[in-house]
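Rule-based calculations on the coordinates, nothing more; no lab input. No experiment lies behind these values; they were computed from the predicted model shown. Every residue, glycine as well, gets a Cβ built from its backbone with ideal geometry; the counts of neighbours run over all protein chains shown.
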């Protein structure tokens, strides 16, 4: 499982209210919510993001409230992966639960720049900055979490397991 795309770079402590402002949470439609992803920090994100693109951020990405909407809108926009120095714990769990691949890698998050082209191999945890040629090693997910992500989230993986059981 891989993704490859352009980098959108963000600072430390990007909270869930920046990822999806609470003023839009009156709709259950993920596609409608995704139209507002990152708008308070990056007004051009939604118009520029392409399938497979990669968010790179600093420390404590996804801090703040425990809303599952935050990783959901990132995924719905087509983002292929989020790489950060660290993630807020509840964001980390929510991302896995909805099938958004995320990787912690301090060196990659520090050195990769906005608009670089990055490729991520989720099986090995290798992050390659194609623009600079540098490679970084993140901890890959264990197979059971890779299965959750490949199925599109925890509920989908459980349903698929029932169909094969």
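In table form, for the structure just shown:
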| quantity | calculated |
| --- | --- |
| Cβ-based exposure ranking for 145, 19, in which fewest neighbours within 10 Å come first | 145, 19 |
| Packing-based exposure ordering (other Cβ within 10 Å, fewest first) of 23, 93 | 23, 93 |
| Neighbour-count ranking [beta-carbon atoms within 10 angstrom, fewest first] of 69, 36 | 36, 69 |
| Gain on full stretching of the segment that runs from residue 106 to residue 30 - 0.36 nm per residue minus C-alpha separation | 24.4 nm |
| Rg and Dmax [Cα atoms of the stretch 109-153; Å; Rg one decimal, Dmax integer] | 12.2, 32 |
| Of all DSSP beta bridges in the chain, antiparallel share, percent nearest 5 | 50 |
| Solvent-free Debye scattering, log10 I(q)/I(0), computed from the Cα coordinates of the stretch 65-142 at q = 0.18 Å⁻¹ | -0.73 |
| The stretch 76-151: antiparallel DSSP beta bridges as a percent of all, rounded to 5 | 75 |
| The stretch 4-43: proportion of alpha-carbon pairs further apart than 11 angstrom, % | 67 |
| Principal axis dimensions, largest first and in whole angstrom, of the chain by Cα | 43, 40, 26 |
| Over the chain: helical MRE at 222 nm, DSSP H runs n ≥ 4 each giving -39500 (n - 2.57), nearest 500 | -8500 deg cm²/dmol |
